[in-house]
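None of the figures in this text is laboratory data; all of them are computed from the coordinates on show. Note that this is a predicted model, so its numbers are computed, not measured. Neighbour counts run over all protein chains shown; Cβ positions are idealised from the backbone, glycine included.
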Amino acid sequence: MSNIIANYKGRSIGKVEVPATTEEEINRMVYTMLRERPVFNVKESAAQGGDVANINFEGFIDDVAFEGGKGEDYDLELGSGQFIPGFEDQLIGHSAGEDVDVKVSFPEDYGAPNLAGKPAVFKCHINAVKEKTIPELTEEFCQANGLGSVEQFRARIADTVYSEKANKLGSEFMDKLINEIIKESQLEIPAEDIDARVKDSVVFYSRQIANMGMTIDEYLEANHINKEDFHNGVRVEAEFSVKVDVIYAHVAEQEGFSVSDEVLEAELNAIKEYYKLTDEQFEQFKTSRAEEVRKDMLKNQITTFLFQNNN
């Protein structure tokens, strides 16, 4: 049986108009961005939770310094959990110039086996205590951080907020549209196509998890995910993505969509300029990724068409 694709134009899905951006939304994002650019002011009083203590420290086990346990001029936000449990709490209440013996025990599952579970003393000297505050949005702050004027900054925030809402609503609309088209189509997908996509997905997930320093089995165990459920989920995702590819290929053929070599070259050159690639890096990128870029460009054409021709 050949695939029979349902109508992909003129459907009434329930497209939602993007609501206007409110001042409250702008203010909320402005506050979030200001929090990412805190100001640190040196204080004379004792350190409190949330303050930053600039410290010199050296760790000892049984009065012997251990490798990797020493640091100087280290900015430690108290309460951030950067150091082992109990370390940061013992600096609270102390001021610049003080020496503090921090007594802790390394967790049993600590990454360095020679330290795991052992009690240690960190001899710390507090160089300075700094209070972290959220800055006010002023012309001076904007200029100092390369944000233009306050008015320009807020305008860009407004555009960002609107774009995020538009993208979210657009994604939800497209999900409904594609699911409806697939549901009403008659698709016969070869098992080997799904198997190949499953294999690709597992490789992708393996690489992502490897970047976290874990194997898939370790990740699943740590997150209490059943291995069979994981693979079933990957297969469902793979089957759906293959069906989407079939739908998109059909739309591209029917509507005459394509990405010419000239258009592709222009896009590749834009990528080169954006990422400041050298000629050698650019040639390597073209060799390994050009066709992937072409596929993404074609997919974007089709997605835009489907979005504009359904409601």
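For the chain, the mean residue ellipticity at 222 nm estimated from helices alone is -17000 deg cm²/dmol, where every DSSP H run of n ≥ 4 contributes -39500 (n - 2.57) and the total is divided by all residues, rounded to the nearest 500. Rg of the Cα atoms in the stretch 39-133, relative to 2.2 N^0.38 Å, amounts to 1.07.
With a/c under 1.5 counting as rounded, go ahead and sort the stretch 150-308 into rounded, prolate or oblate using the C-alpha gyration tensor (a ≥ b ≥ c being the square roots of the eigenvalues; past the cut-off, prolate if a/b is larger than b/c, else oblate). Cα axes put the stretch 150-308 in the rounded bin.
Under the simplified labelling scheme, the Glu172-Tyr74 pair shows an inter-label distance of 4.6 nm, with each label point 7 Å from Cα along Cα→Cβ. If you plug the beta carbon distance of Tyr110 and Ser288 into 1/(1 + (r/R0)^6) with R0 = 30 Å, you get a FRET efficiency near 0.15. Compared with the direct C-alpha span, the chain from Lys299 to Glu23 gains 95.9 nm at full extension, assuming 0.36 nm per residue. Mean-square fluctuations from a GNM of the chain, with a 10 angstrom spring cutoff on Cα atoms, peak among Lys243, Lys199, Lys132 at Lys199. Can you tally the lysine pairs in the stretch 150-308 where the Cα-Cα distance is under 23 Å and the two residues are eight or more apart, or on different chains? Close lysine pairs under the 23 Å cut-off: 25. Here the Karplus curve 6.51 cos²θ - 1.76 cosθ + 1.60, taken at θ = phi - 60°, turns the phi angles of the stretch 171-177 into couplings of 5, 5, 4, 5, 4, 5, 4 Hz, with x standing for Gly and Pro.
Against the set (i) 228; (ii) 182; (iii) 122, the structure's computed volume of the Cα convex hull per residue in Å³ falls on (i).
Overall, the anisotropy analysis places the stretch 227-311 in the oblate class: the square-rooted eigenvalues a ≥ b ≥ c of its C-alpha gyration tensor yield a/c not less than 1.5, with a/b not exceeding b/c. Taking Lys and Arg as +1 and Asp and Glu as -1, the other residues whose beta-carbon sits under 12 Å from that of Ser80 total -4. In this rough spin-label picture, where each label sits 7 Å from Cα along the Cβ direction, the Thr138-Glu267 distance is 4.7 nm.
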